[in-house]
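Notes follow once the structure below has been shown.
Please treat every number below as a calculation from the coordinates, not as lab data. Keep in mind that this is a model prediction, so the values were computed, not measured. Using ideal geometry, Cβ is built from the backbone for each residue, glycine included, and neighbour counts are taken over all protein chains shown.
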Amino acid sequence: MDEALVHLTREWLTKALHDLQTARITAAAPDGPLDTAIYHCQQAAEKSLKGWLTAKSNPFEKTHDLRRLVKQAVDGLPEFEHFADAAEVLNPYVSAFRYPGLTNEPVPSRDEFDEALHHAQTIYDFVLKLLPNEARP
């Protein structure tokens with residue numbers, strides 16, 4: 001992997017790590033807004049997948065659709081199919097709680113957040129294991 005690709009991959013994964021950290025910090029704060037925290041779970045998964053695709057020189061369109069990104073990743077590495085269900089769970093969180101009127105509940109439950117965080121962390125960890133050390137944050 002050339003240096004520019006290593007750098008860009010590391011940037012995607014650093015942003016994903018920051019989203020995971022933000023989700024945890026926000027959710028742990030007294031009265032922490034879980035609607036904001038769960039959004040960062042979706043973002044962490046998205047940026048992890050985009051980091052992988054970048055590392056493989058696999059250009060992706062500008063999208064927040066995790067299902068589409070997982071499908072694209074599967075084309076290069078079939079093991080990404082394991083994240084199809086996670087993508088389904090996380091996909092709505094890019095907007096569901098960020099704008100009024102999109103859900104029946106204004107904020108996710110703690111269980112819903114915990115599940116989202118688990119999925120995002122699992123995707124991030126999987127991608128990290130696939131990358132050479134120099135491309136990791």
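Expressed as a rounded percentage, what relative contact order does the range 3-135 have, with Cα pairs under 8 Å and six or more residues apart?
On the way: 172 pairs, mean separation 44.3, N = 133.
Reported as a whole number, the value is 33 percent.
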Inter-part gap, Cα centre of the range 29-73 to Cα centre of the range 83-109, in whole angstrom, is 13
With Cα atoms, 0 to 90° folded angle of helix 3-28 axis to the chain main axis | 20
Please list, or write none, the aspartates and glutamates whose alpha carbon is within less than 20 Å of the alpha carbon of Lys56, excluding same-chain residues fewer than 8 places away.
-> Asp2, Glu3, Glu11, Glu46, Asp65, Asp75, Glu79, Glu81, Asp125, Glu134
Calculated FRET value between Glu105 and Ala84, using beta carbons and R₀ = 30 Å, to 0.05 | 0.75
